[in-house]
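Readers should treat all values here as calculations from the given coordinates under stated rules, not as data from a laboratory. On a predicted model such as this, the values are computed, not experimentally measured, just so you know. FYI the Cβ positions are ideal-geometry reconstructions off the backbone, even for glycines, and counts take in every protein chain you see.
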Amino acid sequence: MNDIILGHNPDTRRFASAFFAEDDIGAIIRCHFEVEQAANRELDVLTNQRWRRVRSQYLSDKLNLLEMIGVPSHLLAPARTLNNQRNGFAHDGAEEITEQQMLDLLRGFRALMPQFNDDYEIAFRGRREFTAKFRDCTIRQKYVVTAATLAFLIGGLPELVREPGTANLAPA
């Protein structure tokens, strides 16, 4: 298999901030922002920035546009889950990421990337350092790692679909 260079680089500092955050609200907002940036990048590439004339303000609108232009819905399902969960924080007063929310996001992501398992080693290097197996992370940390990986995947879809056979993006 050839290496694929993805054209999108989510802000890893923002994900590190979410990972080490003391509150779940800040973590989920940071994750949502980065996934939305990835969707923006994918729309820019796939439509040559024509989508910006539509003035889609919300992540749900952007995911709908991606589906309308041909991105399979199963690839967008985890981003829809994250968006719905973020809306629960913004509109319903939720304050903590529940284990069920983390599992719902993780389940959707693993439907795309079944090789993503609890044995993966998570490492952050920088001002703060952290190394542990995914299984040993807190609920928030698992959520952030899953969202970060999702952002890389969504932002990299234009490159992944140009290289058939290089990614296992199984239907849900």
(request) Search segment 31-83 for residues being of a type in the set (D, E, K, R) and surrounded by 22 or more Cβ atoms within 10 Å (Cβ to Cβ), and hand back the single one that is nearest to PHE152 (Cα to Cα). (result) GLU34
(message) Name the single residue that is nearest to HIS32 (Cα to Cα) among those in segment 92-115 being among the small types (Gly, Ala, Ser) and not in a loop (DSSP other than H, G, I, E, B).
(response) GLY108
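Of ALA77, ALA148, which residue is in a helix (DSSP H, G or I) and touching a Phe, Trp or Tyr at 6+ places or on another chain (Cβ under 8 Å)? Give the derivation first.
Values: ALA77 fails: touching a Phe, Trp or Tyr at 6+ places or on another chain (Cβ under 8 Å).
That would be ALA148, the only listed residue that is in a helix (DSSP H, G or I) and touching a Phe, Trp or Tyr at 6+ places or on another chain (Cβ under 8 Å).
Being outside any loop (DSSP other than H, G, I, E, B), in contact (Cβ under 8 Å) with a residue 24 or more places away in the chain and either buried (at least 17 other Cβ atoms within 10 Å of the Cβ) or hydroxyl-bearing (Ser, Thr, Tyr) (or both) is the requirement here; does ALA21 meet it? Before you say what the answer is, go through the steps one by one.
Details: outside any loop (DSSP other than H, G, I, E, B): no; in contact (Cβ under 8 Å) with a residue 24 or more places away in the chain: yes; either buried (at least 17 other Cβ atoms within 10 Å of the Cβ) or hydroxyl-bearing (Ser, Thr, Tyr) (or both): yes.
Spelling it out, it is not the case that ALA21 is outside any loop (DSSP other than H, G, I, E, B), in contact (Cβ under 8 Å) with a residue 24 or more places away in the chain and either buried (at least 17 other Cβ atoms within 10 Å of the Cβ) or hydroxyl-bearing (Ser, Thr, Tyr) (or both).
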(request) Examine segment 48-57 for a residue that is touching a His at 6+ places or on another chain (Cβ under 9 Å), part of a helix (DSSP H, G or I) and among the basic types (Lys, Arg), and state whether such a residue exists. (result) no
(request) Read through the list (1) touching an Asp or Glu at 6+ places or on another chain (Cβ under 8 Å); (2) within 18 Å of ARG140 (Cβ to Cβ), then give the number of the only condition that LYS62 fails. (result) (2)
